[in-house]
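One structure below.
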Amino acid sequence: MAVPGWWALPGMALLLVVHYVAVGAGGVFAFTDWRGLGSFNFVGLTNFVTAFQSPTVITALWNTLFLAVSFVVLTNLFGLLLALALNRQLKARYVLRTLLFIPAVLSPLAVSYVWKVIFQYDGPLNDLVATVFGANAVQLWLGDPNWAVWAVLTVMVWTNTGIVMVIYLAGLAGVPQEIEEAAAVDGASVWARFFFVVMPQLRPTIVIATTLMLIRGLRVFDEVIALTGGGPYGASKTLSTQVWRQTFVAGRFGYGSAIALVLTLLIVMVAVPQNILTRGRSQGRVN
Amino acid sequence: MYRYRWTTAVREGLILVVAFAILVPFYLLVNVAIKSTDEALDTSPATPAHSLSLQGFAEALAGGGLLNGMLNSLIITAGSIAALVAIGSLTAYALATTDSRWGELGYLAALIGIILPFQLGLLPTYIAMRNLHLIGTHIGMIILYTGMFMPFTVFLYAGFARGLPREYEEAAWVDGASRFQTFTRVVFPLLAPATGTVAIMNGLAIWNDFFNSLIFLSGSKIPTLTIAIYAFAGGEVSRWNVIFSGLIVAILPMLIFYLFAQRQFIQGFAGGIKS
């Protein structure tokens, strides 16, 4: 007995309207000069030309790429190290896993405000820096155009490393212990076992963890708004904050949509290969 | 070979140190929140509070903004989860079991919907909702989130529904239950593990969402918790004990929920399919 197919219609209609009709319409707006009131004209690639000639958008693009790539590298490095350290034997592994995952479930906005105080000129980070490196080493972390992006990156990594750790723990749980033991019996060192036995088995996990973080990184918004608001002097703007500012603050609907389209293409370029690479694979489960 | 040896003890000690370092912000959060405003101004955030003061909490809660935001977030999150579970399970089940080739196509549409970022669809959605007078309403946000998270929900449910044995529903069907009764009484309970994941993953994303709340609800009469945090912490710069008290109030509901359901949270993320 099959369920009538039309049962899927209400859900599919909502899905298609929000994810296809709306996104498609946004793509059309990107080629117009609409400001939200009255009629609009199609202006070809004008919005994109304006965007790529605007120092603000170029800064936002570079910041987004810098943040996304550094974020992927650091979260995967720390997440894999934590997962390897927590994998097997340890008495405190379940407690530590639960604790280290906490930052990932809290509102990134709220967490960023905690860090905002830590980064204040008279805040705890400078107390630590002054103690270790001397009073001259303190920095205006959020107010210095050179440091602001690093502050945003720090909070992004702190918040998301737990997620990557959990993904790698699941991946490691899928590596058969017997193969590793066999390699050890044959005299393989810890490093050899890691690079030649564990790593090849982890490949699908690495693909999933890196693309997931790359997409999250490209969309970074909350941390920037809370920590710096895009400043100082626009030094920490990202594409997402620009989409929001141009479209919903400045009311430049066509221009904002063009920036959103650039961001969308970046994300699709990352997400599509990942989906093709990992099709049909299933992750191990943690217990 | 995987015995607990002295090297294991060293590794355990090392990671405990690292874990404590990672969790230092939580110490600062609590330590500063329980100081009085004077003490918070006079002492370093790392210096332990010498007495417990509730001044920060009293001032953070005084305006009622955070609690109001929490209530709005609760209504919107609960409503969205209910709609996603009801509509999503039905949709996915129909897609997964239909003999028509539309089932495959619908599933593919959901899969692509997960990948397509929503930023580009925001403005058209905003205009449509404005014309329907849904901006600044609970029901508007519930419809928005239900649409936004439908692809992920259908994907999770459909994957699970495909693995279900068909004998139970056939038995119910033979016993004279209607198709809808078969679904609600036999199939839906069998989908319970997927329902748990759907509720937790979507609930977390909706509860913590700031970007969409900011666009659809800033300046409205029903700010969500993240909008309330933005208004509260963005406006207060000097009294750290008040800010931290407010942030503790803001993160406490999710923290408590997580500590009770941590296994489900971690398993949901371990699949690594959330976008």
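What follows draws every value from the coordinates through simple rules; no lab data is involved. Just so it is clear, the structure is predicted and the values come from calculations on it, not from any experiment. Positions of Cβ are backbone-derived with ideal geometry, glycine not excepted, and every protein chain shown enters the neighbour counts.
Would you mind computing the Rg to Rh ratio of chain A from its alpha-carbon coordinates, Kirkwood style for Rh? The partial results should precede the final answer.
Details: Rg = 23.0 Å, Rh = 22.0 Å.
My calculation of the ratio gives 1.05.
What angle do you read, to the nearest 10 degrees and between 0 and 90, between the alpha-carbon axis of helix B:138-148 and the longest principal axis of chain B?
Computed tilt is about 70 degrees.
Shielding of A:93-102 by partners, i.e. mean partner chain Cβ atoms within 10 Å per residue?
Other-chain Cβ atoms within 10 Å of each residue's Cβ, averaged: 5.
Which is farthest toward the positive dipole end of chain A among A:Phe196, A:Ala13, A:Val3, measuring Cα position about the Cα centre, with Cβ charges +1 (Lys, Arg) and -1 (Asp, Glu)?
A:Val3
Give me the aspartates and glutamates in straight-line cross-link reach of A:Lys91: C-alpha distance below 20 Å, same-chain residues under 8 apart excluded.
Within the straight-line cut-off, A:Lys91 pairs with B:Glu12.
Which of the listed residues, A:Ile206, A:Gly187, A:Gly217, is farthest toward the dipole's positive end in segment A:158-287, when Lys, Arg count +1 and Asp, Glu count -1 at the beta-carbon?
The Cα lying farthest towards the positive end belongs to A:Gly217.
Which of the aspartates and glutamates could a cross-linker bridge to A:Lys116, judged by Cα under 13 Å and excluding same-chain residues fewer than eight apart?
A:Asp222, A:Glu223, B:Glu236
Can you tell me the dipole magnitude for the protein assembly as shown around its Cα centre, using point charges on the Cβ only (Lys, Arg +1; Asp, Glu -1), in Debye to the nearest 20?
640
Across 20 Å bins from the origin, how do the percents of Cα pairs in the protein assembly as shown run, short distances first?
Going out from 0 Å in 20 Å bins, the protein assembly as shown shows 19, 52, 26, 2, 0 percent.
What net charge do the residues around A:Ala137 carry, taking every other residue with its C-beta under 14 Å from that of A:Ala137, with Lys and Arg at +1 and Asp and Glu at -1?
Net local charge, A:Ala137 excluded: -2.
Can you compute the charge dipole magnitude of chain B about its Cα centre, using +1 on each Lys and Arg Cβ and -1 on each Asp and Glu Cβ, nothing else charged? Give it in debye, rounded to the nearest 20.
Here chain B has a charge dipole of around 400 debye.
Report, as an integer, the average count of C-beta atoms from other chains found within 10 Å of each Cβ along A:20-28.
Mean partner-chain Cβ count within 10 Å for A:20-28: 6.
Hey, which aspartates and glutamates would be in cross-link range of B:Lys35, C-alpha to C-alpha under 16 Å, not counting anything within fewer than 8 residues on its own chain?
Partners found: B:Glu59.
Counting partner chain Cβ atoms within 10 Å of every residue's Cβ in B:108-118, what's the average?
Mean partner shielding for this stretch: 6.
Multiply the residue gap between B:His133 and B:Tyr27 by 0.36 nm, knock off their C-alpha separation, and tell me the result in nm, one decimal place.
Length gained, B:His133 through B:Tyr27: 33.7 nm.
Can you give the Kirkwood hydrodynamic radius for segment B:22-129, in Å, rounded to one decimal and based on Cα pairs? It would help to have the intermediate numbers written out before the result.
Values: mean 1/r = 0.0522 Å⁻¹.
About 19.2 Å, per the Kirkwood formula over Cα pairs.
Mean-square fluctuation check for chain B, GNM, Cα pairs under 10 Å: which of B:Ile143, B:Ile206, B:Ile227 is largest?
The residue with the greatest mean-square fluctuation here is B:Ile143.
Quote the charge dipole size of chain A about the Cα centre in Debye, to the nearest 20; the model charges only the Cβ of Lys and Arg (+1) and of Asp and Glu (-1). Please report the intermediate quantities before stating the final value.
Working: 16 positive and 10 negative charges, 92 e Å.
So the magnitude is around 440 debye.
What number, rounded to the nearest 500 deg cm²/dmol, is the helix-based mean residue ellipticity at 222 nm of chain B, given -39500 (n - 2.57) per DSSP H run of at least four residues and division by all its residues?
My calculation for chain B gives -22500 deg cm²/dmol from helical runs alone.
So which DSSP H runs in chain A come out at 24 Å plus along the axis (Cα) with average Kyte-Doolittle of at least -0.5?
Those that pass (Cα extent of 24 Å or more, hydropathy at least -0.5) are A:55-86, A:148-173, A:199-218, A:253-277.
Give the longest segment of chain A that steers clear of chymotrypsin sites (Phe, Trp or Tyr not before Pro) in DSSP loops with at most 13 neighbouring Cβ atoms within 10 Å, not counting the sites themselves.
A:1-120
By how many degrees, 0 to 90 and rounded to 10, does the Cα axis of helix B:102-115 deviate from the longest principal axis of chain B?
The angle comes out near 20 degrees.
Can you give me the long-range amide H partners of A:Thr32? Hydrogens built in the peptide plane at 1.01 Å from N, cutoff under 5 Å, separation of 5 or more residues or another chain.
A:Val43
For chain A, set up a GNM with springs between Cα atoms under 10 Å and report which of A:Pro204, A:Pro176, A:Pro103 has the largest fluctuation.
A:Pro176
Among B:Phe152, B:Ser89, B:Met129, pick out the residue whose Cα is farthest towards the positive end of the charge dipole of segment B:68-176, where Lys and Arg carry +1 and Asp and Glu carry -1 on C-beta, about the Cα centre.
Sorting the options by dipole projection puts first B:Met129.
Could you give the angle, 0 to 90 degrees to the nearest 10, between helix B:240-260's Cα long axis and the longest principal axis of the Cα atoms of chain B?
So the helix axis and the longest Cα principal axis differ by about 40 degrees.
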